[in-house]
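One structure is given below, encoded as structure tokens.
The values are calculated or read from the model by the stated rules, or taken from the named source; none is laboratory data. Keep in mind the model is a prediction, meaning the values are calculated, not measured. All Cβ positions, even for glycine, are placed from backbone atoms using ideal geometry, and neighbour counts span all protein chains on display.
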């Protein structure tokens, strides 16, 4: 080919590449095209939920919200003091007091357990809540009051986790609808509305399940676990660590009564069980009811709404499948330009020969 043919070939290649970015002219029936696009859309959503590590699909964006929720719940739990915490530390029995908050600790009160709970408060709770006992001398009701106070902040992170996951999913759905159905504005609008209604229904159902079952089960029922062996081992460990820590820091803190140590060891052990159970259950519920629920129902819902199963359903697919005027006009112009360039190229080749 002669060098001057380049001035025809290069524009021709550019036009061809532009045509590839535009949906080709439909050569099948409206029903067949709608079925093809719905199938492509639902497969893309299913693939986006796959836990692949090679790319950042939808699941990886969702997973970040689960991880953030787990970190939030873990931070709300009391932290057991370590042996390295010496008398000049601001770490005390129930959590960490930031250095900048030292001024908030009363000078005369060295019995601080956390910004919320103090040894004095534990003692008051024990006196006020004596009654039902667990395994002998453990003041059960005081223990329940402490657990309830720590778990009171768990509801909002769980609901926020679901809301953030729902936003990620809806954003991804809208992107896919625009990409796949963009050539047919009426069809895209119908698919978008149907998908959004399904999304809202499953979100409401999952939210209700969290509010009515999962969160109350953890925060309103009496503390309970079948894993008593692990619980008792953890409680014994925390009790020994507590006593050793107080002995080493006796110059800083007034050593609490035995009942206080028992209550704290009990609370540490149960919070370990409870928060682990909670950070497992909430993401699993969201995954099962909301994410898997949507991928399971999406294709069936769209097929029924568009009348692709029942030909007798009154859905005017020909109207829905009217092509976007701008895309159609752009494709026609590019096809005409391509035809002109190809004819010019043929003429140049004929002259060169």
Fill in: From 322, 282, residue being assigned to a loop (DSSP other than H, G, I, E, B), touching a helix residue (DSSP H, G or I) at 6+ places or on another chain (Cβ under 7 Å) and touching a residue at least 24 places away in the same chain (Cβ under 8 Å)
322
Worksheet item: Can we say residue 176 is in a helix (DSSP H, G or I) and loosely packed, with under 13 Cβ neighbours inside 10 Å?
Response: no
Worksheet entry | residue 137, sole failed condition from (1) within 35 Å of the chain's Cα centre (by Cα); (2) at pLDDT below 95 | (1)
Worksheet item: Do we find a residue being part of a helix (DSSP H, G or I), at pLDDT 75 or above and under 28 Å from the mean Cα position of the chain (by Cα) anywhere in the stretch 230-237?
Response: no
